[in-house]
Structures are given as structure tokens and as C-alpha cells.
1. How many residues are in contact with a strand residue (DSSP E or B) (Cβ under 8 Å, 6 or more places away or on another chain), surrounded by fewer than 21 Cβ atoms within 10 Å (Cβ to Cβ), at the interface with chain A (Cβ under 7 Å from one of its Cβ atoms) and not in a helix (DSSP H, G or I) when one looks only at segment B:57-92?
2. Kindly indicate which of B:21, B:52 is modelled with pLDDT under 95, within 7 Å of another protein chain (Cβ to nearest Cβ) and in contact with a helix residue (DSSP H, G or I) (Cβ under 9 Å, 6 or more places away or on another chain).
3. Can you tell me which of A:16, A:64, A:116, A:49 is more than 7 Å from every other protein chain (Cβ to nearest Cβ) and on the phi > 0 side of the Ramachandran plot?
4. Residues of segment A:26-42 being in contact with a helix residue (DSSP H, G or I) (Cβ under 7 Å, 6 or more places away or on another chain) and facing chain B (nearest Cβ under 7 Å), which ones?
5. Out of the residues in segment A:95-135 that are under 17 Å from the mean Cα position of the chain (by Cα) and without any contact (Cβ under 8 Å) to a residue 24 or more places away in the chain, which is surrounded by the fewest Cβ atoms within 10 Å (Cβ to Cβ)?
6. Failed condition for residue A:45, given (1) surrounded by fewer than 20 Cβ atoms within 10 Å (Cβ to Cβ); (2) part of a helix (DSSP H, G or I); (3) out of contact with any helix residue (DSSP H, G or I) (no Cβ under 7 Å at 6 or more places or on another chain), with all others met?
7. Tally up the residues in segment B:18-54 that are more than 23 Å from the chain's Cα centre (by Cα) and part of a loop (DSSP other than H, G, I, E, B), please.
């Protein structure tokens, strides 16, 4: 499949599959491809890691996980890989990334996310994580969210994407 | 939420079937009909339980992305958030309890367009953007384990 078709397919699925009996066929018909081409390409993307997960993407907040804390840590360079691994193994932690510090206003280089039913639950989970992994010596900060302004999938292929700008991409009903 | 809806969330945050009739195959595995699966998914979507059914792309392979933050006076926050959201590349945007109180993810087809978008967002938002691109991931995304009550 050529590069433009691949970009058009990515744009078509980045906001979800259609809820038709044969969603891959529906996509294929919109894009002028065959159902097999669509399925093969999605499988290839899963194999090569372009797609890291393919399935239902939940909204934590509506599912009752009202408290969402970004817990950020200041970890020395020689320890950050180890602490990152420890955090990623904790059940309560739903994301764990290293990011750069931006001194002087931002001192934290390890980011983790905890979703919980409420604020107290999240703080208790964090206290347990710190105790069980011996992290009390590292500075951290807890940034609870208090308003959600936008939540959707990453829009990697955009209207401005050069190769697509001349070809129209049909917008089917998406889920 | 009914049992089928819970099962769909438990079983299909990853490994959605890639075959001609995926909703039929999901139904076969969960003891439901194809149309029951489609209705359940439509309901979950309608009720705001799902963001979508589809791919979570790898940030690094799919394009360029970063986590960005702004420090905004509280009384301007909603208005600034709205201006930031107007950008197609902004996909998550939260108010958080910190001096940096607006946190959003920006994605773009490539690094050059990402930097351009960040500059435009800064200009439109009216406050300096702090960009914190991912250096390393320690996390394998297998979906979110919901504890049903």
C-alpha cells in the first residue's frame, strides 16, 4: 500500500473504527482500498509497534475514577531508570515516562499517573508506593486534575499534512 | 452498566479482532450476538465511557508529540484552555493543581510542525509554553483494569 493510502488510513482510524458489521470493509470502501489491505496494514502496524494497543479506549472519569493525579519525581540521573521500572510495576500507576527538567521552574524528570475513585484513595496509593519501594528520599509533587478541557486520540495525521492536502478524506461515522 | 459492557471493557482494551466481522467474533467469545455487541459499544460511547474503539499509536513512531504546560491566572484559565483546544494537534487538556495549571498533549505529523504548533499555541494562548517531550517510557500500555463495584 502506498504512503498516501497509509496516511489516509491512519487519519481514518485515529478517531476510531465505524460500528458497522464489517468495519474494515467500511473503511476500505471510504478509502478506495480492499478489506484485506486495511486489515493487513493494521496488523503490520501492530507488529512493528506503530500501534501499541488496539481496542477500547476508556474514559477513566466517566467510569468512576474521578481522581487523576500526575505524580512527578525529581530523581538523580543514575537512579531514574531503576525508579521508573519500579513505578511502572505498581498496579496503581497507569503511565510512567521520563521527561526533561526545565530549570529553574521545573525540577522533575519522572512522570507517573495514578487514577483512583477519589482523592484520598490516590494519596493512600501513593503513600503505599513510596513506602513499598523506598522512595521517601526523593522529592515529588502531586498534581491532581480539577477540570478536563479536552480528551481524544492523538491527531498525528492532520488536515495540514502535506501529502493529504490535495486528496479529500471522507469522514464516516466513527466510534 | 450491564455485564456485556463490563466484559467488553475487561477483555477488549487490547487485541480487538482484525477480521471481517470483529463484533461477531467478540460476541462469540462473550456469549452475545453481533448486534448486542454493536449496541453495547454504541451505548458505552454514547454514555462517555469510551473515547473510541481503535488504535493507540506509539508517539515516537506515529509522529511527534510532547506534554506541554502553561502557568495561567485562574480567572483566565477556561478562556485560555479554549484557545489551546482550538488547535487540531491538542488531544488531552487538563487543569491541574500547580503554578503550572494547564497541561496538554500536542501531536503533529513531524518535529518541525510540532515546534510550529507550540509557537502558535503560545501566541494564541498568551502564556509561555513549557514543553516536556518524552525521553523514555517505562510503561507498556495494556489498558486500564477497572474494579467493578
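The values are calculated or read from the model by the stated rules, or taken from the named source; none is laboratory data. This one's a predicted model, so the numbers in the text were calculated from it and none came from an experiment. Glycine also receives a Cβ, built like all others from the backbone with ideal geometry; neighbour counts cover every protein chain displayed.
1. 3
2. B:52
3. That would be A:64, the only listed residue that is more than 7 Å from every other protein chain (Cβ to nearest Cβ) and on the phi > 0 side of the Ramachandran plot.
4. Correct list: A:35, A:39.
5. If we filter segment A:95-135 for residues that are under 17 Å from the mean Cα position of the chain (by Cα), which is where we start, we get A:95-99, A:110-115.
Still in the list and also without any contact (Cβ under 8 Å) to a residue 24 or more places away in the chain: A:95-99.
Working: A:95: 16, A:96: 24, A:97: 21, A:98: 20, A:99: 19.
Residue satisfying both the conditions and the ranking: A:95.
6. Evaluating residue A:45 over (1) surrounded by fewer than 20 Cβ atoms within 10 Å (Cβ to Cβ); (2) part of a helix (DSSP H, G or I); (3) out of contact with any helix residue (DSSP H, G or I) (no Cβ under 7 Å at 6 or more places or on another chain) leaves (1) as the failure.
7. Summing the residues that are more than 23 Å from the chain's Cα centre (by Cα) and part of a loop (DSSP other than H, G, I, E, B) in segment B:18-54 gives 6.
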